[in-house]
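Shown next, in structure tokens, is the structure this report addresses.
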Amino acid sequence: MNLVSAFARSVDQNAAKVALFWGDSRYSYRDFAMQSGGLARKLQQDFDVQPGDRVGIWLKNCPEFVSGLFGILSAGGVVVPINNFLKAQEVEYILRDAGIRVLITEQSLSDALAQLTSRVPELRLVHVHDFLGLEKSAEGSPHACPRTVQDLAVIIYTSGTTGRPKGAMLSHGNLLHNVESCRQVMEAVSYDRFVVLLPMFHSFMLCVGILLPLIVGGSIVLVRSVHPPKNILQEITQHEATILPAIPQLFRALANAPVPPNLPLRLCISGAAPLPREIQKEFNAKFPVPLIEGYGLSEASPVVSLNPIRGPWKIGSIGKAIPDVEVSVQNDTGDLLPVGEVGEICVRGGNVMAGYWNQPEETAKALRNGWLLTGDVGYCDADDYFYITDRKKDMLLVNGINVYPREIEEVIYQFPGIKEAAVVGMPDPRKGEQPIAFAVADDGAALDEKALLQFVRGKLADYKVPRKVVFLPNLPRNATGKTLKTALRQMPI
């Protein structure tokens, strides 16, 4: 079994069924099978792609992303999805690091492509506008390239918040394992329609937004425009979508949008970034469908935990480990910590990556005795629900006492008029570090620094109260919604 054979089984069972909705366009399982088969032939015949060769996909969200994904896999290649927000120099690093010589891309990226091809003249391009005739472009099927569960399927480059991005190596088995765990925990079936509005290059969408629906015989609702939020709700209603995986900011925006009648959704899942309690409360108070928090990381294919969809849901918790995945809390020497004690969240299971591409030292730092060290700090309660208190590297030491920025952020979110908040540590000659808060106001709201700090002081110990609040029009974020705290630390205050 591999991802190609799993998809082929869905095609056999659902050939004429709509696999993807894209505005007024419909793409059937047969359409994707023929287009990806044609692409596989082209990659093998025209570009000499051999089993194990890395092929890049540099696309904005579009139906051809699906054909590109399965076309590369059918040719025996390894898919490297590339963030379409990156600049040419950043893409060049990934191309050279992964050894990519063929790139699937599109005309709308032409300015960056011109720079890229001048920097990497040996790069060969496949444009999506050539996809239309692919299913008829050559006779016969692509050369069979049997892949096993151990074979590499995808290299996902992490966002690189600690320097150069690293390529997490995910096998066919890793991704199939995660799809099956997600199928069970989300109770996903063939009538489910998954909303995709986050970038398709991201591991969250790759697994939950593309592979899961297509392997269970469901459908994808690929949203054409996410602004304003009512557009999203309109497409969800029009295409009868049932599951919405997204990020906290999107649910915050939806909580302020009018709720349409007869909303077809049965489940909303927040991932990719911590879900502030206030946003979860606002959404769940307004919408007749549960918003539950989950947790994952690219190195785990990516889903690790989720609040049970039938409850109980614990606000502030990332939920329980998904089926066939183990989660533990460990100290720096690898000892398992008891209930309630804070340590590093660690993951073990068939979803955990083989390692980082060409980076044995980084791999050794991330994997210990079969456990993936996530870099996230948290604890487990008596009911086996896990909680993230912060990123290990974001934790502050104020007078030698651990301070977790997320705890401060959760309090700031409770202050009226706050739209977004982030807390980072700044060096302090007397106390070692001091928390500094960055905040964004709701549209039309006027925020007062003294009033906000007084509010925080009433809820937290004095040493946790930020020394200063800096108001910004927006927080710096990467393409998947994570706040770039490295950028905040570099800001003059």
So, with points 7 Å from each Cα along the Cβ direction, the Y93-T158 label distance in nm works out to 1.4
Helix 3-14: inclination vs the chain longest Cα principal axis, degrees, rounded to 10, gives 70
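Could you give the size of the charge dipole of the stretch 374-451 about its Cα centre, using +1 on the Cβ of each K and R and -1 on the Cβ of each D and E, expressed in debye and rounded to the nearest 20? Show your work: numbers first, answer last.
Working: 8 positive and 16 negative charges, 91 e Å.
Here the size comes out at about 440 debye.
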tail above 33 Å in the computed P(r) of the chain, as % of all Cα-Cα pairs, reads 39
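Could you work out the helix-only [θ] at 222 nm for the chain, with each DSSP H run of four or more residues adding -39,500 (n - 2.57) and the total divided by the number of residues, to the nearest 500 deg cm²/dmol? All intermediate terms of the calculation are to be shown ahead of the outcome.
Working: 14 runs with 140 residues, N = 493.
Taken over the chain, the calculation gives -8500 deg cm²/dmol.
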A chain fully extended from A446 to T117 at 0.36 nm per residue, minus the present Cα-Cα distance, gains in nm 113.7 nm
Sorting Q89, L265, G52 by the position of each Cα along the dipole of the chain (Lys, Arg +1; Asp, Glu -1; all at Cβ), the one nearest the positive end of that ordering is Q89
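Report relative contact order for the chain in percent, whole number only (criteria: Cα-Cα under 8 Å, sequence separation at least 6).
Working: 1028 pairs, mean separation 51.5, N = 493.
The value is 10 percent.
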Ranking G77, H172, I155 by how far each Cα lies towards the positive end of the charge dipole of the chain (+1 on Lys and Arg Cβ, -1 on Asp and Glu Cβ), the top one is I155
For the stretch 356-431, the Cα-Cα pair-distance distribution in 10 Å bins from 0, as whole percents, is 15, 32, 33, 18, 3
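Does the stretch 1-91 classify as rounded, prolate or oblate by the C-alpha gyration tensor (a ≥ b ≥ c root eigenvalues; a/c under 1.5 gives rounded; else a/b over b/c gives prolate, otherwise oblate)?
Numbers: a/c = 2.17, a/b = 1.25, b/c = 1.74.
Oblate is the answer for the stretch 1-91, as a/c is 1.5 or above yet b/c matches or exceeds a/b.
Count the lysine pairs in the stretch 3-380 whose Cα atoms sit under 15 Å apart, keeping only pairs 8 or more residues apart in sequence or on different chains.
Working: K42/K136; K60/K87; K166/K365; K230/K286; K281/K314.
Lysine pairs satisfying the spacing and distance rule in the stretch 3-380 number 5.
Taking the DSSP beta bridges in the chain as the whole, what percent of them are antiparallel, to the nearest 5? If you can, show how the numbers build up before the last one.
On the way: 49 of 81 bridges.
Percent antiparallel among DSSP bridges in the chain is about 60.
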Measuring from the longest principal axis of the C-alpha atoms of the chain, the long axis of helix 229-238 (C-alpha) lies at a number of degrees, nearest 10, equal to 50
dims of the stretch 395-489, Cα set, principal axes, largest to smallest, nearest Å -> 38, 32, 19
Partner lysines whose C-alpha sits under 16 Å from that of K459, ignoring same-chain residues fewer than 8 away, are K450
Sorted on mean Cβ neighbours within 10 Å (highest first), peptides 437-445, 74-82 come out as 74-82, 437-445
FRET efficiency (V189, E433; Cβ distance; R0 60 Å; to 0.05) is 0.75
Any GluC sites (Glu not before Pro) in the stretch 163-237 that lie in a DSSP loop and have at most 13 other Cβ atoms within 10 Å would be E187
Quick calc, the stretch 395-489, dipole around Cα centre from Cβ unit charges on Lys, Arg (+) and Asp, Glu (-), nearest 20 debye, gives 300
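The numbers here are math on the coordinates, done by the rules we state, and not lab data. Since this is a predicted model, take the numbers as computed values, not measurements. No Cβ is skipped: glycine too gets one built from the backbone with ideal geometry, and neighbour counts run over all protein chains shown.
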